[in-house]
Amino acid sequence: MATPASSRTALRSSRAFRWAVGVGAAIMVAIAIVLMFLLTQATNNRELYERNYGRLFVINVVVAGILLLVIGWIALRLLTRLRRGKFGSRLLVKLAAIFALVGFMPGLLIYVVSYQFVSRSIESWFDVKVEGALDAGLNLGRVTLDTLANDLAGKTRNAALQLAETPDTSVPLALERLREQLSASDLILWSGNGQLIASAGQTRFLVNPERITQQQLRSVRSQRTMAVIEGLDEPAPGTASNARIKALAVVAPSGVGSFGEPRVLQATQPLPAGLVANAIAVQEANREYQERALAREGLRRMYIGTLTLSLILAVIGAVLLAVVLGNQLARPLLLLAAGVREVAAGDLSPKPALQGKDELGGLTRSFAQMTQQLADARAAVEKSMGQVSAARANLQTILDNLTAGVVVLDEQGKIQASNPGATRILRVPLAAWEGQPLAAVQGLESFGQAVQQQFDDYMAERKLHALDHWQQSFELNAGTPDTVTLVARGAEMPGNARLLVFDDISEIVSAQRAQAWGEVARRLAHEIKNPLTPIQLSAERLEMKLTGKLASAEQAVLAKSVRTIVDQVDAMKRLVNEFRDYARLPAAELKPMDLNRLVGDVLALYAREGADGDPAHVPVHLQLDPDCPKIMGDEHQLRQVIHNLLQNAQDATEGRPLREVKVLTEWHEKSRRVRLIVQDTGTGFADHLLKRAFEPYVTTKAKGTGLGLAVVKKIADDHGARVDLKNRQQDGAILGAQVSLSFAVAA
């Protein structure tokens, strides 16, 4: 809303403007009345008109100047508003132009009609027939003179053609003969530079005859023939006998004595005295008539000037009226336009409204009310959008931090959205595949087809069996070391979208399998160990009781059988002890430790064991990274891990031509992990065993229990370390196996 100070300033400006417009209109009306009075008096009294003509003219000029100044001031003000970009200036200009045009067109029509009426009325005051006769006489005289001049020019051209073949010695005689033929008073032959060559007639008796001008020479050369009437331009008493026709024609060069220079033949013929006198008389009469008609032109100019001034007054009045009325009409329109522009720019603050009783005032009030309603509605929408945005942000935060994968599909199975958990579990950047079918993602073809089939079956059976979701487990990269076990759940979303939620349960399955084997090992250790001791004792008691009572052959069989029983019982005890150790493996106590030092300590034992030159000894090569930082680990359990890996590596090289084991440590600064790597030169693992190598009781050794790698895997899981097992290959040939563990760095 406008402040009270600005409202008072606008009110004072509006009153001053209206007062100025009223005074200007009064002045113009007074001037118009004075002019009309003077015009009426001048029309009835010609002497008064002639006496006050100058005054009327000055008054007209002054009034026209004042009106032009007013027009200029208005135009400058509108131009200034336009340049400043003041809102509504274009509308004011348009309204002023419309009102001015409405006032100008009738005035212009009256002006045209009055102009024609004044012109025709004043013209009727004079004898039109006399003026017409004078004009006809002037035209007749001009036509007659032009005919005589053209006739003499043609004869002169023919004479020039005859003179072109005449030798210079015969020119005077030829000129005399041609003069008589042309009925000319003089006949002169000029050279190309204006020198007299020969003449015939009265000119030959003159010492200094009138020479041809250079302008005439240039004209005749360009036109070849020309005629000039002299003595009638400024007629004076006694000049009738001097009027004549002078014709000029170019004489083509003959090449005989003139060196090929073109010459000019001039013929002069006097005009008839009667014709000259009549022409001068008609010309003088027409001049006197025009001088007497001077008063008529002045009166007509006065009438036309007054009419023109009246038209200007009407136009200026229309413009001023247009400004006043346009301001009254434009004010509510400008108010509405400014409000609309602010609303379009997003400003829904309260808008001013006029209190008038007309329709435009009511329109401004309705617009202000509508703006207030829009502001209220926008506030409600913004509040709702804020709540929606907050809910969306919360949902997105939840999705981004979910460990489970979430994928939204359309009816055709195309990916619409996904969370980071889905990318982490599937190991594929699903954001780059949005808009593509899940079955088209590289590496997920079978998974995508199976999911689509599950959704198709669910959509077909959900109404029949009242299902709200489906759940199924899947395996990715089945039969490979990178096998991932998923449990997926699908449901329908609004808009025919489909929600797929899945989680990686590979670790859970592995843990459950390890827990199950641990339980099996515990029960086996309990159930098997108890009868082993009675069996061994019973066998030894039989041998003791029967020794010396049997023949030598039977005694040997008895001893061999007892020894076999005792050996197998010992083997069973060792197996049971390993089961017990696997089932009772304590929880890891993680502390900062130096992995390089621990590896060095363990390998020192293997070096002492092979120092005696035992051919069964397998050399172990050590390659430690000195930059490795300390890791978080349980030294006792990691010592067991290193023993198990070294023992398996040495056993794997048995019977190989190259028996060698390599132990390495590596520091990866980018991932902040330390790796322990054990490599052998054995036969490697079969493809079907790579997937199950870390499961209990899975082994390729004839005497192994299959618990070595299972223990390694369990200890690695307790340490939060990643275990990788693979075959080392080169050109398709297996060079051996490699086991690596990746540990976190101590804080």
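The values are calculated or read from the model by the stated rules, or taken from the named source; none is laboratory data. Source: prediction; values computed, not measured. We place every Cβ from the backbone using ideal geometry, glycine too, and count neighbours over all the protein chains shown.
Taken over segment 141-183, residues that are among the basic types (Lys, Arg) and closer than 17 Å to Leu232 by Cβ amount to 1. Considering segment 400-421, and only residues there that are touching a Pro at 6+ places or on another chain (Cβ under 8 Å) and not in a loop (DSSP other than H, G, I, E, B), the residue that is farthest from Ala491 (Cα to Cα) turns out to be Asp400. For segment 484-541, filtered to residues that are under 26 Å from Tyr458 (Cα atoms) and of a type in the set (Ser, Thr, Tyr), the residue that is modelled with the lowest pLDDT is Ser506. Gln471 satisfies every condition listed in (1) more than 17 Å from Leu409 (Cα to Cα); (2) part of a strand (DSSP E or B) except (1). Scanning segment 253-277 for residues that are among the small types (Gly, Ala, Ser) and at pLDDT below 80 gives Ser254, Gly255, Gly257, Ser258, Gly260, Ala273, Gly274, Ala277. Residues in segment 422-444 include at least one that is under 18 Å from Leu499 (Cβ atoms), of a type outside the set (A, V, I, L, M, F, W, C) and part of a helix (DSSP H, G or I). Inside segment 712-728, residues that are surrounded by fewer than 17 Cβ atoms within 10 Å (Cβ to Cβ) and within 12 Å of Asp680 (Cα to Cα) make up a count of 2.
Taking the conditions (1) modelled with pLDDT under 75; (2) part of a helix (DSSP H, G or I); (3) under 27 Å from Arg81 (Cα atoms); (4) of a type outside the set (A, V, I, L, M, F, W, C) in turn, Arg341 satisfies each one other than (1). Is there a residue in segment 90-105 that is more than 51 Å from the chain's Cα centre (by Cα), within 23 Å of Leu307 (Cβ to Cβ) and either surrounded by fewer than 12 Cβ atoms within 10 Å (Cβ to Cβ) or at pLDDT below 70 (or both)? Among the residues of segment 90-105, not one is more than 51 Å from the chain's Cα centre (by Cα), within 23 Å of Leu307 (Cβ to Cβ) and either surrounded by fewer than 12 Cβ atoms within 10 Å (Cβ to Cβ) or at pLDDT below 70 (or both), which makes the answer no. When Met226 is tested against the conditions (1) assigned to a helix (DSSP H, G or I); (2) at pLDDT 80 or above; (3) closer than 27 Å to Ala277 by Cα, the lone failure is (1). Do we find a residue being at pLDDT 80 or above and either within 30 Å of Ala747 (Cα to Cα) or within 60 Å of the chain's Cα centre (by Cα) (or both) anywhere in segment 573-589? The answer is yes; a qualifying residue exists.
Just one of the listed residues (Ile304, Ile280) is at pLDDT 70 or above, over 46 Å from the mean Cα position of the chain (by Cα) and not assigned by TED's automatic domain parsing to the domain that holds Val228, namely Ile304.
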